[in-house]
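Please read the structure below before turning to the comments.
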Amino acid sequence: MSGPSDTVVPKSSSFRPVASGLTQSLKASARELGFAFAGACPAVEATGFPALAEWLDRGFAGEMDYLAGRRDAYRHPHSVLPGAVSLLMVGMNYCTSPPGEACRPGHGRISRYAWGDVDYHDLVRDRLKQLGQRASELLPEVVWRAVVDTAPLLEREFAALAGIGWQGKNTMLINPRAGSWFYLGALLLDVELAYDQPIATDHCGTCTACLDACPTQAFVAPRQLDASRCISYLTIEQRGAVPVELRAGVGDWLYGCDICQEVCPWNRFAARSEEAGLVPVEPLGQLELASLFSWTEAMFRDRFRHTAMWRARRRGLLRNAAIVLGNEGDTSAVTALSSGLKDADAVVRGAAAWALGKIGSLSCREMLANALASERDPQVTTEISHALSRF
């Protein structure tokens, strides 16, 4: 159900506006609010629901149990806004500089969508609510709801239906004029709009660059992602230890991953975003890692609380930092990792042990042996023992 913060009082279902005029006005307002794209489509049953159900049944959602918990809600937009008739799908560019910068030693890469000092959910939702208020000004009795990828809505399907793009082989929505570097949002309304035509052609053609580039082989087929193997999932959604066999594939990614978008030829046409809140806080979107191990919980909260990166919390970020430092194999990281080996969180200790084993210096061996003598967590003990076995 829609809440008081993002809807207005319902009206009689018998009242409908002139669709074309309302649609044109909302699209113009969307552009003024910083959305690069806006397209309208009917609120119909999602044709992609059977594929979603199969995806869940195959275990590709990993630990994201909340998806299965509300599986049926994805059938129809009515689960998001009862009585919804139309969706105005919008896209906001977040590409603030060219992609592909090499990662500096001792640093970890951050996915481009999380570069700024704001959480994109808050940014896009705020603009969508302003767009909803504009709809209320044009039609005072309209009911609407603004959502940004947290509601049970197959956003990419409806954005494709609204003509914003097509779903690429990497599952991302691709716009022929701007690539895939954009956030999606939806404004659901209980009135009819003038609907756009979907893009009829799959412009990915025979290209498989995104599928071939994935270091963890997360794509089981075109447009089929095993999220439990995806670097973005592993560094953000995975709450416990990252599976040992996938850690090397994480490479230098501290938070998220952009590889399948960076290699996409359509992103050559990506427009640059001018949103101040999306400009990277860290130079080149790369964060220095060793110092993180001396940060307090309060320091993590102060730095990341209002950004998308807070989803990983302190545990996830330190775990990821240890994996990246282990993959880099730089002995200058040993002191920081020794702090991680003594961390209060077992997941962090385990990742630090793995990283010290990867670096493999004599001092690493001594630290691991001392830690093994005092460690009481069985999973961490296993991590330390495996790390020592490398020597």
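Couple of notes before you dig in:
- Enumeration of residues in the stretch 142-198 that are modelled with pLDDT of 95 or more, charged (D, E, K, R) and more than 24 Å from D212 (Cβ to Cβ): R145, E155, E157, D190, E192, D196
- A194 small (G, A, S), open to solvent by 50 Å² or more (accessible area, probe 1.4 Å) and outside any strand (DSSP E or B): no
- Inspection of the stretch 168-191 identifies no residue that is small (G, A, S) and more than 22 Å from the chain's Cα centre (by Cα).
- Test: residue in the stretch 319-338 that is more than 22 Å from I231 (Cα to Cα), surrounded by fewer than 16 Cβ atoms within 10 Å (Cβ to Cβ) and among the small types (G, A, S): yes
- Restricting attention to the stretch 226-273, the residues that are in contact (Cβ under 8 Å) with a residue 24 or more places away in the chain and either within 27 Å of M92 (Cβ to Cβ) or among the charged types (D, E, K, R) (or both) add up to 33.
- Subset of the stretch 57-81 [surrounded by 14 or more Cβ atoms within 10 Å (Cβ to Cβ) and either in a loop (DSSP other than H, G, I, E, B) or in contact with a Gly (Cβ under 6 Å, 6 or more places away or on another chain) (or both)]: F60, A61, G62, M64, H76, V80, L81
- Selection of the stretch 203-258 for residues being among the small types (G, A, S) and either buried (at least 18 other Cβ atoms within 10 Å of the Cβ) or not in a helix (DSSP H, G or I) (or both) yields G205, A218, A221, A227, S228, S232, G240, A241, G249, G251, G256.
- Some residue of the stretch 163-185 being assigned to a loop (DSSP other than H, G, I, E, B) and in contact with an Asp or Glu (Cβ under 6 Å, 6 or more places away or on another chain): yes
- Selection from the stretch 109-154 of residues that are within 22 Å of E262 (Cβ to Cβ) and in contact (Cβ under 8 Å) with a residue 40 or more places away in the chain: R109, I110, S111, R112, Y113, A114, W115, G116, Y120
- Listed conditions (1) at pLDDT below 95; (2) more than 30 Å from G326 (Cβ to Cβ); (3) surrounded by 15 or more Cβ atoms within 10 Å (Cβ to Cβ) are all met by V90, apart from (1).
The values are calculated or read from the model by the stated rules, or taken from the named source; none is laboratory data. Worth saying up front: this structure is predicted, and the values here are computed from it rather than measured. So basically every Cβ, Gly included, is an ideal-geometry build from the backbone, and we count neighbours across all protein chains shown. We work out accessible area using only protein heavy atoms, side chains counted, and drop any ligands, DNA or RNA first. Shrake-Rupley method; radii C 1.70, N 1.55, O 1.52, S 1.80 Å.
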